[in-house]
Amino acid sequence: MHSQVADLIETLIQDAHSPESINKLISELTPDDVALALESIPLTQRRQAWANIKQANRLDILVEMRGESRQLLLRELDDSEIEALFTDVDAEDLLEITDSLPDRLVDIALKQMDNKQREYYQQGIVYDDDVVGRWIDHELLIASQSIRTSEALRLLKKSTPDYTDMVYLVNRTGRWVGCVKFDKLFKAQGHEPISSLIDEECSFIRADTELTKAAELLERSALSALPVVDDNQILLGRFHAGLAMETWRLEHEAQQMSTAGLNEESDLFAPVKRSAATRGIWLGINLLTAFLASAFIGIFEGTLQQVVALAVLMPVVASMGGIAGSQTLTLIVRGLALGQITRSNLKSLLSKELKVGGLNGILWAIVIGVVTLWWFESPMLGAVIGLAIIVNIIMAALSGVLIPVLLDKLRIDPALSGSVILTTVTDIVGFVAFLGLGTLLLI
């Protein structure tokens, strides 16, 4: 599949004016693969390629594009193209892209929806984009709790949606009553009331549940989908395995991008000024922390002039602390994301990480001390760097636990800003410990 995407990228760049070649390749790929290919080419060629894609394929591709890529493309389209694009839009697709659209375009899309789809949209838009109520799938098998098994079996003869292994039962007011798995349904007698087949272990998801929590609930259920209900137990739709997989994929991608201070919706070929502004903010923050570390080094300027070897070895101390701290930070950020870290186990976790830091600190202090002794033929210099390594790795472990926990309490994403703060702490502590000990013991 990767080779087909690469072929499409090459065609879009070199043969952007050939509808036949482009649409032949598109027919062999999924919409998300085509979206990826479009995002991989410069904006001018992207607009040319878009003009040659069949109208029937455009909306599905647009939905799969990143937010910024979608905005940049829509900005190039006129109203007639947008109206044609949204002719067949449904509520789920519009909810997916509504944050990328100005109100004017949302109104255009809503006017072209039927009443049912418009109702689904209004139902979902009231929920935040990180809760399951926003992303409900409305294609599901629903039956009244009063029917017989034979009637339910006739329902199955119609088209069955993907990720379907049960029928959802409701009462006359639309409230969810329970689930009936297909295997029970097939084994039952036709005259049996379907309500007698309800699976007592089948659970549900409330519409205001966070997406990652909903994905966890579905995973634990060992089912392909779970019903989603509101506060009044009204059945709104379902959350299925495909949505859960997408949730985990987007969560992983967001964490990867956030470590560099970037947004997962960023476009590869976004305008230079926009990209520079986004990244420049974090470069500025990093510069401030670098100046802060440099200020502490400046305090020991006299020491560095007298013992040049300290300047040579400074990166070793900072690097060891940074790596040790990032290992702990990654572990804690994952624990916070999974809900594993609480007030009751934080003390034990901190104690464990300090012990790990102390053990690693002593081990690598001996190794680095011996290397320094051999290199500079100075036992005291070896002792200085060894002690500094121990101090910095222990501080890195302490910071790696406390910084993400504190940021999480302040509702600041620890994956986004934790590494910047941690690096500053380990650099300053490492430099001060190393140069301070050098001043006391070598001069």
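The values are calculated or read from the model by the stated rules, or taken from the named source; none is laboratory data. Worth saying up front: this structure is predicted, and the values here are computed from it rather than measured. Virtual Cβ from ideal backbone geometry, glycine too; neighbours counted across all protein chains shown. Ligands, DNA and RNA are excluded from the accessible area calculation, which covers all protein heavy atoms including side chains. Shrake-Rupley method; radii C 1.70, N 1.55, O 1.52, S 1.80 Å.
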### Distance between modelled label sites at D78 and N171, nm, 7 Å Cα→Cβ extension
5.7
### Message
Compute a Gaussian network model of the chain, connecting alpha carbons closer than 10 Å, and tell me which residue from L406, L226, L12 fluctuates the most.
### Response
L406
### Task
Name the residues whose placed amide hydrogens come within less than 5 Å of the amide hydrogen of M113, ignoring near sequence neighbours (fewer than 5 apart) on the same chain.
none
#### Entry: Relative contact order [Cα under 8 Å, 6+ residues apart], the chain, whole percent
12
### Query
If you take every DSSP beta bridge whose two residues both sit in the chain, what share of them, in percent to the nearest 5, is antiparallel?
75
### Message
Taking 56 Å as R0, compute the FRET efficiency from the Cβ-Cβ separation of T30 and R411 and round it to 0.05.
### Response
0.95
### Query
Between Q55 and L346, what is the label-to-label distance in nm when each label sits 7 Å out along the Cα-to-Cβ direction?
5.9
### Query
At what distance in angstrom do the alpha carbon centres of the range 184-228 and the range 51-70 lie from each other?
34
### Task
Could you work out how far helix 211-221 tilts from the main Cα principal axis of the chain, as a 0 to 90 degree angle to the nearest 10?
70
### Task
For G237, list long-range residues whose amide hydrogen, built 1.01 Å from N in the peptide plane, is under 5 Å from its own amide hydrogen.
V228
### Summary
Of every hundred units of 1.4 Å-probe accessible area on the chain, the number belonging to carbon and sulfur atoms, as a percent, is 57
### Query
Pick from I147, I297, I97: which is most flexible by mean-square fluctuation in a GNM of the chain where alpha carbon atoms under 10 Å apart are linked?
I147
### Query
Considering only protein heavy atoms, what per residue accessible area in square angstrom results for the chain with a 1.4 angstrom probe?
53
### Task
Go from 0 up to the bin containing the longest alpha carbon distance in the chain, width 20 Å each, and give me the % of pairs per bin.
19, 38, 30, 11, 1
### Query
Okay, helix-only estimate at 222 nm for the chain: each DSSP H run of n ≥ 4 adds -39500 (n - 2.57), divide by all residues, round to 500 deg cm²/dmol; what do you get?
-21500 deg cm²/dmol
